[in-house]
Amino acid sequence: MLIGLQNVTFEFGARAIVSDATWHIQPGERIGLIGYNGTGKSTLLKLLVGQYTPSKGTVEKGRDTTIGYLHQDLLSFDTSETITEVALGAFERVRELEKEIEQLGIELEANPEDNDILIKYTDALHEIDVLDGYNIQHKAEEVLHGLGFTTADLARPYKEFSGGWRMRVLLAKMILQAPDVLLLDEPTNHLDLPSIEWLEKYLLHYKGSVVIVSHDKFFLNKMVNKIVEVYQQQLNFYTGDYEYYEVEKVQRVEIQQRAFENQQDYIRQQEKFIERFKAKASKAAAAQSIQKRLDKLDVIEDVQIERPNIRINFAVDKTPGKVLVDLKGVSKSYPKQVILENAFAEIERGDKIALIGANGKGKSTLLRIVAGMEEYEGERVWGHNVDESFYAQHQLESLNLNNTILQEVQECGTKKTDLELRALLGCFLFGGDEVDKRIKVLSGGEKARVALTKTIISKANFLMLDEPTNHLDMVTVELLADALTKYDGSIILVSHDRYFISKTANKIWEIVDEKIVEFKGNYAEWLEWKERMAKQKAANPEASKTAPAEKKQPKPEPVLAPEVKSGPNGPIDKELQKQIQKLQKALSQLEHNIETLNKEKVEIELQMADPAIYSDVAKFQTIEKAYHDKNALIRSMNKEYEIAFNDLVLLESK
């Protein structure tokens, strides 16, 4: 066990978070910690790291266990250091060794005959080599690039970045520390799709254990092999991913419900016997015996309804024309970035479009152009009978701070009763008396949920949604996705929640080379198409260079090229065979070069062991530098070999 809870009870005031809970995190586990908002998921993580102390029970931790904890409170950290320097803070021991080696080098120059200093110097060099300390800059830059930072960003001060980007830097630092246990509280909230995909690939090969709190089903399904559910102050354990949990949970509830009903039938029968015969002398002893058995009975609890069985329903007042929005020759740029250049696109009645792409590519800008909230060049033609509603978090200032939550949604002009409005607000996590809270006392996330509720009851036939699933739990995301699937109107949305996109979108828009590229199909079909295009490009990289430019059309649609088969699967493609032979030759040359470099490395190692070299500081430093340069070259060539080998496997599979 790395870390865990043993018979832990913890309360906030009179409210119990967990009662007599036991949970042991083992090496190699990837755990999804789930539960409705407010059930105590983040509190459990704080218990594990010692920020909270349980009222009963113990928090257990291995003597040498290291823990990394990513959470929102980290955003209070501030510094003028570059983001690379912040990330390099993960390598504390290496940085200490660097300073130590520098100081020892100065001392050796002054005292070249001092054997004690020389031993300390060589020991420090050996330790930094064991820690792979000469590659920490490369490692830090690789992780920061993976999380979406550009090369130019790496030299910028940490304090210049917004909260979401700061959280990425701190995530990078935590990843580079490589603790035994990573505790990640909503890690995808501040990431775009490419960064989420990079993080998935990284964590799938992470050697430590990972605990993830997330409302992103897609992310959990790919990442976890165990689910820990916080429910009714208890921890329930499921071995499998989130989909397994959903199926298994239903089965467990059904079994418990049947067991509860059977036990209740038994109790009623026994109580009837007791009531009937307790006054009869001949049966009194038997009645008392049955009563004692009932008193000792381990009572099975009824399965309570976890959330009200409510569905979010959109109403549409009027039907728009065939085309809702027509973008003609639209251009948009900022001083240092071009977003769109002479772009064309149409949104038709019934379209449910997801805008896909990395942060900074202009998704939200395009959404605002569609909504008429952003200046641009070109033409945006609004269709007939379009009744739109726009949702984005920066729209929160339009809320009346003096209204209660219920009053705010009442003012939308809907004919819904207060009971219906309360039910809808309940879906967005405002239950009971919470609807009487003033807008001015709400957090940013709570205000966002109020604004989203107002969007839903607006009766618009065209919705524009910018990250609508932020601040929602999984149940509410599911309800919203179901509602948008059944919605009779049209939608264009930006979201990093792939489950939500896959449930709602029937078209994908992507900004590529300052153009809007449209794919007619859902998210899964788009992923398959992208993968197929990537394979074809890898198989025939020259084709993409010589292919004719795509014509500018109002509705560009990806054209799927036919797959090229070779060998036993079909006719052999000569161009493909040439590429395979070229890669085979390159691999052979790389193998030869790596073998030669390894021989040269052995020769250097022999020189380093020579007492004559060892005792001469200048010569030793020269040889030591050659040794590390050779190591770096071998690593680089091995990486080149791995890439070439993977490319060869891909081509040969065609």
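Selection of region 516-563 for residues being at pLDDT below 70, among the acidic types (Asp, Glu) and under 32 Å from the mean Cα position of the chain (by Cα) yields only Glu557. Just to be sure I understand the filter: pairs with C-beta atoms under 9 Å, separated by 6 or more residues or on different chains, first member in region 620-639 and within 15 Å of Leu108 (Cβ to Cβ), second member of a type in the set (Ser, Thr, Tyr). Which pairs pass? Every condition considered, the pairs that remain are Phe620/Tyr121; Phe620/Thr122; Phe620/Tyr614; Glu624/Thr122.
Of the residues that sit in region 327-356 and are within 29 Å of the chain's Cα centre (by Cα) and β-branched (Val, Ile, Thr), which one is surrounded by the fewest Cβ atoms within 10 Å (Cβ to Cβ)? Among those residues, the one meeting the criterion is Val338. Residues that are surrounded by fewer than 19 Cβ atoms within 10 Å (Cβ to Cβ) and part of a helix (DSSP H, G or I) occur in region 357-364; there is at least one. Quick check: anything in region 257-278 surrounded by 14 or more Cβ atoms within 10 Å (Cβ to Cβ) and part of a strand (DSSP E or B)? No, the conditions are met nowhere in region 257-278. Per the listing Gly57, Gly35, Gly105, the residue uniquely touching a helix residue (DSSP H, G or I) at 6+ places or on another chain (Cβ under 8 Å), at positive phi and not acidic (Asp, Glu) is Gly35. Scanning region 410-440 for residues that are among the charged types (D, E, K, R) and either touching a Cys at 6+ places or on another chain (Cβ under 8 Å) or within 20 Å of Ala483 (Cα to Cα) (or both) yields a total of 4.
Residue-by-condition table, conditions (1) among the aromatic types (Phe, Trp, Tyr); (2) in the same structural domain as Trp23 (by TED's automatic domain parsing); (3) in contact with a helix residue (DSSP H, G or I) (Cβ under 8 Å, 6 or more places away or on another chain):
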| residue | (1), (2), (3) |
| --- | --- |
| Thr151 | no, no, yes |
| Lys159 | no, no, no |
| Val211 | no, yes, yes |
| Lys222 | no, yes, yes |
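Could you run through region 21-60 and say how many residues are exposed (fewer than 14 other Cβ atoms within 10 Å of the Cβ) and of a type in the set (Asp, Glu)? Count: 0. Exactly one residue among Gly68, Gly32 is assigned to a strand (DSSP E or B) and under 11 Å from Val181 (Cα atoms), and that residue is Gly68.
Scan Lys599, Lys630 and give me the residue that is at pLDDT 75 or above and either surrounded by 16 or more Cβ atoms within 10 Å (Cβ to Cβ) or assigned to a loop (DSSP other than H, G, I, E, B) (or both).
Lys630
Provide a single number: the residues in region 174-194 that are in a helix (DSSP H, G or I) and either among the hydrophobic types (A, V, I, L, M, F, W, C) or buried (at least 22 other Cβ atoms within 10 Å of the Cβ) (or both).
Looking only at that region, the number is 7.
Would you be able to tell me the number of residues in region 371-396 that are outside any loop (DSSP other than H, G, I, E, B) and either touching a helix residue (DSSP H, G or I) at 6+ places or on another chain (Cβ under 8 Å) or surrounded by 17 or more Cβ atoms within 10 Å (Cβ to Cβ) (or both)?
Qualifying residue count for the region: 9.
Residue count for region 397-441, restricted to those that are touching a residue at least 12 places away in the same chain (Cβ under 8 Å), assigned to a helix (DSSP H, G or I) and under 25 Å from Val316 (Cβ atoms): 13.
Exactly one residue out of Leu154, Leu203, Leu183, Leu147 is farther than 30 Å from Gln621 by Cα, touching a Gly at 6+ places or on another chain (Cβ under 9 Å) and aliphatic (A, V, I, L, M): that is Leu183. Considering only residues that are outside any loop (DSSP other than H, G, I, E, B) and in contact (Cβ under 8 Å) with a residue 12 or more places away in the chain, look in region 238-251 and name the one that is surrounded by the most Cβ atoms within 10 Å (Cβ to Cβ). Looking at residues that are outside any loop (DSSP other than H, G, I, E, B) and in contact (Cβ under 8 Å) with a residue 12 or more places away in the chain, I get Tyr245.
The values are calculated or read from the model by the stated rules, or taken from the named source; none is laboratory data. Everything quoted here is computed from the prediction, not taken from an experiment. Please note: Cβ atoms are built from the backbone with ideal geometry, for glycine as well, and neighbour counts cover all protein chains shown.
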